[in-house]
Each structure stands twice: as C-alpha cells, then as structure tokens.
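Structure, as structure tokens:
Coordinate-derived values only; no laboratory data. None of these values were measured; they are calculated from a predicted model. Neighbour counts run over all protein chains shown; Cβ positions are idealised from the backbone, glycine included.
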Amino acid sequence: MCTVSVNSMKIWNFFLILLLSQLCRETAGSLKLVQVLFRHGDRTPTETYPNDPHQSWKGGWGILTNKGKSQMYYLGKLLRERYRTFLPEHYIAENVYVRSSYADRCIMSAQTFLAGLFPPKDDQIWNPNLLWQPIPVKSVPRHLDNVIAMKKQCLVYDDALKNAYQSPKIKQINEANADLYEYLTLATGNPVKDINAVEYLYNTLEIELQNNLTLPQWTKNISLNHLRKIAEMNFAIFSDTTLMKRLTGGSFLTEVITQMKTKIDRTSALNIALFSGHDVTLITVLRTLGFEKLFKPDYGAYLVFELHEANGDYEIKIFFGENYETVPQQMELEFCKSPCIFNNFVKGLHAVLPDDWEAECSRY
C-alpha cells in the first residue's frame, strides 16, 4: 500500500500531504506506460514595454524563478506518489525519456521535476549532502522543433496562421476593442493592434502582479480580466483549424502514439516519458484532442497519457492537472469514450495526425 511520511515534508506542505495520499493507488499490473506533458514553472517576463516602470528583473528575462523551481520539484514529488506502485524507486535510464523545449526555463523545469520524481536511492547517492542525481534531458533548437515548441518552419502553417489572424472572427474582436488598443498603445509606448500584442502585454502585467509589484496608474482604467480573455483567444488561434491542429498538436500526438506502439510491440523498456513545454503547447495539444475550452494554463499544468493493458487489449486514459499541486482529473474524449481502446484512439485522431509532416508543410 502507498504511504506518505509527514516527517519527509515541510510544514507548509502539510495539507498537501493529504492530497498526495489520495493519489497513491494500486495499478494491478495494468499500467504499461505514462507520458506527461507539462508547462514550466513560474518565470520572469520575456519582455517589457517602453513605459513599464519595471525595466529589469533579477536573473534576466524569461527565466525560471526559485518559486518556479519549487513548483516543478513539487510536481515531480506529486507524480512520484501517484505512480509509486508503477515506477521503480531507482532511476533506470532505459525506463525514462525526457524531452524539453529549447527554452532554458523548460529545461530547468524538467531538471527540477526529475529531482522530485527520482531522488537518488541507495548506491545512486553520490553525495550524501545533495540528494539529487543528474538525469539526461533532450532538446532540439527552436527552429528544428515541431513537437514541443512547434516553431520549425512550416510554410503551409504560416499561411494558415496569417489567415486565422485575418479571419472575420478576429477582425470583429479587433474592431470591438479598437478604443482599448488605442489606449494601450498610448499608455505602454508600444503599438497594440491585435490580440497577439494584448496577450504579450497581459503576460507581463500578470507576472508583475504575481510578484507583488505595483502596476502603473493607467491599468486602473482597464479590466485585466478582459485582457486575459483576449489573451486566451490568442492561445487558441494557433490551433484554429483542423489543418493547423494537424501541423502542430498532431506532431506531438504522433510522438505519444509512437511511444505507445513500441510499448505494445514490447520493443521498449520505457515506463515514463516526460515533455517539458509551454502554455501554448498544452493548449494546442488539448485542442487537437478536441477540448476547445479557452483558458490560460497555470504554471505546472500537466496532461497525462496512460497506456493500460486490459482483457488482451490496450486502453488509453487521459488526465489533466490544473497546476503543479492539483490532483489530475480524468478527461473523456468525445471521439473515444471510455474505455478508449488504443486502435480507436488512433483512428479517432486520423484527421489531425500528419502522414508526412515535412511534405505537408511544403505542399501548395
């Protein structure tokens, strides 16, 4: 049975210990593979605007903060408790695959996540004063990544995104907010002409608020909640059509399915695959799966794909955790009701899975 030691946790985590206890569960041998996509932890802003009173950040721009490191470490411990009857206590290289976005904050998030998931045990302890062990985190440059960062050049996708920004739906939103855009342009010193510019501005303001910084006086004349809703629309636009889903989230899901196939074929010793990404990564994958809700993922939000063997077949279970300290809740796929058999899962995603990503990206 799973147990949680109160003495091993800090006092401020006391109530969360009860939460972790609920996560412990017996898998009865049915669970074969776990894959987790998560957003990085708390970060500094990636950019500012000319009239921002906060023009510098300790450590630099777009970096993982100490708070963010703690968040990801805790998420690693949370999933260690959830899967402690499935994952071995000791890190075994062939059982674990970790891939990150190019961004340092994502790579560092993966590293601190792993510190919570696989603390060294027994002969893996190489320094008794540092209960941490190095675990490889793979990444590719931004311009080559079509799986997590989703920034590899794709001319067909670029045209589709341009069309999405020029669609009647988005034009109507821009027209309805024309006065707001004009006000924000004058207040910030930056041109604000569309929902993309609003999202970037909102991200900066949100982080400043989270760090207890005083926002400038002009922000009292606008609704930050309204800016957030516009930002949520911008997250969704990157997967606006079936074609766009196919060329973004479809690439990630192809990776997930490939890992599942190798497990089903018994050609892989993998137990867990981890993917460290961004808020837009999560939104895009969720929308590609058919979950169209508009929202802005919290730090440490995560999506779990479980592969189970049951009654001679393989079943997919999908869970979502709203942040680094939240119990993941099972999600029901519209195209593959529970029990969602693996072959039905793949068939249901046919429209959004690229056959040849490179060829489809260059096709005109």
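Here are the numbers for this structure:
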item	result
Label point at E322 placed 7 Å out along Cα→Cβ; residues across the range 281-309 whose backbone nitrogen lies under 16 Å	293-303
Restraint check, K151/K193; K138/K162; K293/K317; K245/K296, Cα-Cα greater than 26 Å	K138/K162
The chain - charge dipole about Cα centre, Lys and Arg +1 at Cβ, Asp and Glu -1, debye rounded to 20	360
Translational diffusion of the chain, µm² s⁻¹ [Kirkwood Rh, Cα pairs; Stokes-Einstein; 4 °C; 1.567 mPa s]	59
Net charge dipole size for the range 159-235 [Lys, Arg +1 and Asp, Glu -1 on Cβ; Debye, nearest 20]	100
Alpha carbon convex hull of the range 115-154, projected area averaged over orientations, nm²	3.8
Full-stretch length increase - S167, K67 - with 0.36 nm per residue and alpha-carbon distance subtracted	32.1 nm
Proximal aspartates and glutamates to K337, defined as alpha-carbon separation beneath 16 angstrom and excluding residues fewer than eight positions away on the same chain	E306, D313, E315
Modelled FRET efficiency - R0 22 Å, D355 with L155, Cβ distances, 0.05 increments	0.80
Inter-label distance, nm, simple model (7 Å from Cα along the C-beta direction), S56/S362	4.7
Overall Cα dimensions of the range 159-235, principal axis frame, Å, largest first	39, 22, 19
The range 279-310: GluC sites (Glu not before Pro) in DSSP coil with no more than 12 other Cβ atoms inside 10 Å	E292
C-alpha long axis of helix 104-117 to longest principal axis of the chain, angle in °	30
